[in-house]
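What follows is a set of notes on a single structure, which appears directly below.
Please treat every number below as a calculation from the coordinates, not as lab data. Because the structure is predicted, anything quoted here is derived from the model rather than measured. Note that we place each Cβ from the backbone using ideal geometry, even for glycine, and neighbour counts take in every protein chain shown.
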Amino acid sequence: MKTQVVIVGGGPSGLLLSQLLHLNNIDTIVLERQTEDYVLGRIRAGVLEQGLVELAKKANVSDRMMREGQIHEGFDISQQGTKHNINLKKLTGGSTVMVYGQTELTRDLYQARHQMNGQIIHEVSDVELNDLKTNSPFLTYRKDGQEYRIDCDYIAGCDGFHGVSRQAIPTTVRREYERVYPFGWLGILSETAPVSHELIYCQHDRGFALCSMRNPKLSRYYIQCSLDDSPENWSDEAFWDELKRRIPEEDAAKLEMGPSIEKSIAPLRSFVSEPLTYGRLFLAGDAGHIVPPTGAKGLNLAASDIHYLSEALIAFYEQGSSEKLDSYSQTALKRIWKAMRFSWWMTTLLHKFPDYSEFDTHIQRTEIEYLFSSEAAQKSLAENYVGLPY
Ligand code: FAS
Ligand code: PHB
């Protein structure tokens with residue numbers, strides 16, 4: 001087979017890139033390890049920056065999002081049960097965020113790709129990237145016991161943190177930066193009304209908690225848990241009891257509880273791999289970086305990577321210019337590191353760190369009290385939360 005751009009990974013990064021390139025008459029083939037149903041079964045991000053909403057509009061996949069998504073003008077932070085509202089719209093002069101599940105966006109992307117007869121090959125294995133430093137790279141992969149080869153001009157590595165693309169960059173070239181946090185997030189999905197019309201991020205001596213949602217009838221809750229914990233250790237009742245201990249009393253009193261329809265633990269890490277390019281290979285999304293979900297930046301960073309990479313590939317095929325391709329890594333990393341910083345800051349602000357000294361704990365408490373007392377500090381938080389410019 002031959003195509004212009006092979007995209008490894010059929011998650012939101014890969015599907016969005018494929019859609020944007022196809023709309024600009026650039027041929028792609030997406031290689032995905034799992035089935036479509038498996039990809040759509042993942043429950044992940046919930047908060048979309050305006051930049052991602054605009055990109056979805058550009059990709060012609062925003063209709064349902066605009067109908068069913070919820071615009072949020074702010075969120076609450078609670079410290080030991082005392083709530084403070086962060087009015088994003090007021091603090092940023094009008095910016096807001098969109099609450100619409102990553103799963104739904106991925107569903108919309110799949111539907112658009114199928115409508116345009118996009119080539120997505122599922123259940124592939126043994127994907128290998130070859131001749132990346134030449135003008136004619138190629139990939140091999142296996143499916144149904146057969147080996148296949150695809151010749152192409154460029155390869156987009158959109159295969160997430162555990163994919164093969166980043167590994168194709170020699171360790172002598174790659175520089176990796178990482179912080180693994182000593183805790184995870186135990187999350188549940190329940191068909192119950194959200195406890196509040198906006199998100200509540202809770203800092204508490206027992207550990208962090210987050211009240212989020214997908215729609216007025218579908219709630220998403222998280223509690224900080226230890227790294228060696230597992231969902232099986234938590235009955236629904238135990239989860240609800242612990243959540244109620246960590247959220248403000250007035251919210252605990254009105255919390256609508258019900259059976260969990262999904263329960264999982266996500267580890268928290270900050271990770272960046274540099275550079276994002278190697279010859280004809282370009283990394284985007286979780287393949288190149290991971291943020292702790294505290295700042296709701298994971299999916300949104302994938303979006304800005306795809307914005308830069310799609311623009312660069314379109315400029316190459318339309319004008320023969322490789323200038324944006326040559327500067328992709330440097331351009332994307334500038335925004336990645338700022339989101340990395342914000343996600344790290346929100347995580348250190350709101351979580352219980354087992355190795356914190358009394359001084360550390362006092363500083364953490366003071367950081368939140370300063371935030372609650374300073375409009376300047378809140379403006380800084382707000383401009384990062386709604387998303388820095390692309
Ligand atoms: P993805 O990991 O979503 O997709 C990569 C795709 O590549 C997958 O479909 C995978 O099957 C495929 N793949 C992997 N290896 C392959 C191979 N060798 N060959 C072919 N295909 C291969 N972000 C938030 O903003 N908020 C959250 O609450 C949040 N929660 C998260 C919870 C978890 C458990 C995880 C893992 C991530 C979470 N994230 C969250 C971040 C998440 O939303 C990512 O940022 C987002 O999925 C990034 O999308 P992709 O870059 O497409 O990577
Ligand atoms: C979610 O709804 O899954 C969510 C929302 C905000 C975050 C993290 C996760 O910061």
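Which distance in Å, rounded to a whole number, links the C-alpha centroids of segment 172-233 and segment 34-68? That distance is 20 Å. Projecting the Cα positions of 116, 140, 66 onto the charge dipole of segment 17-142 (unit charges on Cβ atoms of Lys, Arg, Asp and Glu, taken about the Cα centre) puts 66 furthest along the positive direction. Count Lys and Arg as plus one, Asp and Glu as minus one, and take only other residues whose Cβ is under 10 Å from that of residue 298; the net charge is then +1. Share of pairwise Cα-Cα distances greater than 22 Å in segment 131-261 is 56 percent (whole percent).
Taking every pair of alpha-carbon atoms in segment 3-127, give the share separated by more than 17 Å as a whole percent.
Details: 4762 of 7750 pairs.
Every Cα pair in segment 3-127 considered, those over 17 Å come to 61 percent.
Please compute the Kirkwood hydrodynamic radius over segment 310-390, one decimal place, Å, based on all pairs of different Cα atoms. Hydrodynamic radius (Kirkwood, Cα only) of segment 310-390 equals 15.6 Å.
Taking 2.2 N^0.38 Å as the expected size of a compact globular protein, what ratio does the Cα radius of gyration of segment 219-312 give against it, to two decimals? Intermediate values should be presented prior to the final figure.
Values: Rg = 18.4 Å, N = 94, 2.2 N^0.38 = 12.4 Å.
Its radius of gyration relative to the 2.2 N^0.38 Å reference: 1.49.
Rounded to the nearest whole angstrom, the semi-axes of the ellipsoid equivalent to segment 228-268, taken from the Cα gyration tensor as √(5λ), stand at 21, 12, 9, largest first.
Here the peptides 340-350, 253-263, 169-179, 296-306 are ranked by packing, the mean other Cβ count within 10 Å, and the order with the highest first is 296-306, 340-350, 253-263, 169-179. Could you give each residue of segment 283-298 its phi-based ³J(HN,Hα) in whole Hz, using Karplus coefficients 6.51, -1.76, 1.60 with θ = phi - 60°, and x for Gly or Pro? Karplus-based 3J(HN,Hα) across segment 283-298 equals 8, 8, x, 4, 5, x, 6, 9, 10, x, x, 4, x, 6, 10, x Hz. Across segment 137-259, the mean sequence separation of Cα contacts (distance under 8 Å, 6 or more residues apart), normalised by length, yields a relative contact order of 21 percent. Over the Cα atoms of the chain, the radius of gyration divided by the Kirkwood radius equals 0.98; this is the Rg/Rh ratio.
Can you give the calculated 222 nm mean residue ellipticity of the chain, where each DSSP H run of n ≥ 4 adds -39,500 (n - 2.57) and the sum is split over every residue, rounded to the nearest 500 deg cm²/dmol? Let's see the in-between values first.
Values: 12 runs with 145 residues, N = 390.
Value at 222 nm, helices only: -11500 deg cm²/dmol.
List every residue whose amide H lies under 5 Å from the amide H of residue 225, counting only residues 5 or more places away in sequence or on a different chain, with H placed 1.01 Å from N in the peptide plane. For residue 225, whose amide H was placed from the backbone, the distant partners under 5 Å are 184, 185, 186.
Sorting the segments 324-330, 241-247 by their residues' average number of neighbouring beta-carbon atoms within 10 angstrom, most packed first, yields 241-247, 324-330.
Close amide-amide hydrogen proximity is noted between residue 48 and 98, 99, 100, each under 5 Å apart and 5 or more residues distant or on a separate chain (H modeled in the peptide plane; Pro and chain starts excluded). Once the gyration tensor of the Cα atoms in segment 1-77 is diagonalised, the equivalent ellipsoid follows with semi-axes of 27, 17, 10 Å, ordered largest first.
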